[in-house]
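Notes for the one structure printed next.
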Amino acid sequence: MLKKYALIYGYSAYAPVISEKTMRVHYDKHYTGYLNKANEELERLNISDDMNEIIENRLYEKSQKLKDNFGGYYNHSLFWYMISPPEEGSRKPLPNTERFINQDFGSFFTWKEAIAEQAKKRFGSGWVWWVFNPKTRKTEVINTPYQDFPEMEEYGGKIPLFGIDVWEHAYYLDYENMRERYVNNILLSLVNWDYVEERLNTVLQKYA
Ligand code: MN
């Protein structure tokens with residue numbers, strides 16, 4: 001069985017950027033739904049429940065139900081760690097993160113704009129990601145539709161360092177149709193820079 005990743009700071013810790021109500025629906029209903037359906041499908045197809053193995057061996061391609069629900073499970077499992085409450089941990093990019101933002105985007109402001117732009121470009125449901133591209137050894141900003149994730153072949157097997165859920169269920173209760181404001185508020189107040197740096201360091205160890 002795929003395990004449920006905890007919402008370590010609780011439902012209300014992200015307010016006012018993301019309300020307790022949104023976090024409850026998002027975690028209890030959407031995330032739990034993806035998790036349960038992914039587990040049902042893994043069992044039915046008799047597939048390994050190792051998350052990394054499923055990604056590396058592209059086992060999610062075995063059925064559309066698995067692709068959608070494993071993707072939903074995986075993306076949200078990352079997302080709960082990629083954001084943190086404003087009073088927890090570093091509130092600015094740590095050294096390697098800062099270096100890559102400056103190298104690949106010029107400045108924090110330009111990086112932020114690139115994310116806002118890709119969030120706007122995603123027509124309908126999906127995600128916006130800051131990713132490491134193992135082929136170029138550079139980072140870039142991309143968006144993926146539905147519950148697709150950057151490691152998929154069609155996106156060039158990139159590794160997510162940070163991401164924002166831009167499905168309406170992630171922001172509509174708090175922001176109605178103002179996706180841009182939601183994205184901007186997350187970028188200014190909720191990025192878990194400690195976790196982003198940790199992910200980048202792991203990637204650099206592997207691809208340096
Ligand atoms: Mn979501």
Checked the range 151-181 for anything over 21 Å from I18 (Cα atoms) and either basic (K, R) or within 13 Å of the ligand (Cβ to nearest atom) (or both); matches are K158
(1) closer than 28 Å to R58 by Cβ; (2) assigned to a loop (DSSP other than H, G, I, E, B); (3) more than 12 Å from the chain's Cα centre (by Cα): which one isn't true of T202, the others all being true? (2)
Subset of the range 81-121 [crowded, with 21+ Cβ neighbours inside 10 Å and either of a type in the set (S, T, Y) or within 16 Å of the ligand (Cβ to nearest atom) (or both)]: M82, I83, S84, T97, A119
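Restricting to the range 51-88, and then to whatever is charged (D, E, K, R) and out of contact with any helix residue (DSSP H, G or I) (no Cβ under 9 Å at 6 or more places or on another chain), can you tell me which residue is farthest from K4 (Cα to Cα)?
Only one residue fits best here, namely E87.
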Residues located in the range 30-62, provided they are within 16 Å of the ligand (Cβ to nearest atom) and among the aromatic types (F, W, Y): Y31, Y34
Residue identified as farther than 17 Å from G163 by Cα and at pLDDT below 95 among S48, S107: S48
Go through the range 130-150 and report how many residues are more than 15 Å from H76 (Cβ to Cβ) and either within 16 Å of the ligand (Cβ to nearest atom) or not hydroxyl-bearing (S, T, Y) (or both). 13
Would you mind stating whether K65 is closer than 14 Å to L187 by Cβ, more than 12 Å from the ligand (Cβ to nearest atom), of a type in the set (K, R) and modelled with pLDDT of 95 or more? no
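The values are calculated or read from the model by the stated rules, or taken from the named source; none is laboratory data. Remember, it's a predicted structure, so these values are computed and weren't measured experimentally. Here Cβ is always computed from backbone atoms with ideal geometry, including for glycine, and neighbour counts include all displayed protein chains.
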